[in-house]
Each structure stands twice: as C-alpha cells, then as structure tokens.
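This report concerns only the one structure given below.
The values are calculated or read from the model by the stated rules, or taken from the named source; none is laboratory data. Bear in mind that the values here come from a model prediction, so they are computed numbers and not experimental data. Please note: Cβ atoms are built from the backbone with ideal geometry, for glycine as well, and neighbour counts cover all protein chains shown.
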C-alpha cells in the first residue's frame, strides 16, 4: 500500500514550491516583512542610502554593504518624511539563484 501511495503522489501531483514575491518600496505594505531588490548608493551615518525601481530610501542594518552592488533585502518599511527600510536579512543578489527558485 505504501509503494502505491508514494507512486501516486509522485506521478500525479507536482511538488509544492514556495512563491517568490518581489516588492517595491513605494507600493509595499507598511510594517510587513517583504523582499526587495535594492541597489546601495552610499553609507549615511549608521544607515545606507539606496534605491529600487520606485524610489530612494534609507536602509537601517548592522551589516557592511558595498556601494553600487545589488542586494536582496528582507525587511519592514516605515514611512515618515521618507522611506526607511529596517533590514532583517540581507544577501547579495544572485540572478542565477532567483531563476532556480522560479523554475
């Protein structure tokens, strides 16, 4: 019975995959953790100035980031006079990895 069940599950139903949802700072939901693809411009005090395709903003993080590099940032957006992204996890943007996640 177990062999037949595993065979049915493997042939008829596709594997469950996680969905990759990329957000933009200007259109994101405030105070909700989302994923953003950003480019770092420079360091400003204890923050980093950055931009995505929608707007310029500041990233608050403890990690050392390299200017003119693209990163995937998981974090929460807050807005007062400008957008501020509180980063929870940052990784260097790897397009090959993203394509593997999608396909």
* Of the numbered conditions (1) at pLDDT 95 or above; (2) within 16 Å of the chain's Cα centre (by Cα); (3) surrounded by fewer than 17 Cβ atoms within 10 Å (Cβ to Cβ), residue 71 satisfies every one except a single condition; which is it? -> (3)
* To do: Kindly establish whether residue 41 is part of a strand (DSSP E or B), over 16 Å from the mean Cα position of the chain (by Cα) and either touching a residue at least 24 places away in the same chain (Cβ under 8 Å) or surrounded by 13 or more Cβ atoms within 10 Å (Cβ to Cβ) (or both).
  => yes
* Filtered residues of the stretch 27-38 (kept if under 27 Å from residue 100 (Cα atoms) and either in a strand (DSSP E or B) or modelled with pLDDT of 90 or more (or both)) -> 32, 33, 34, 35, 36, 37, 38
* Asked: If you check residue 9 against the conditions, is it modelled with pLDDT under 90 and touching a helix residue (DSSP H, G or I) at 6+ places or on another chain (Cβ under 7 Å)?
  -> no
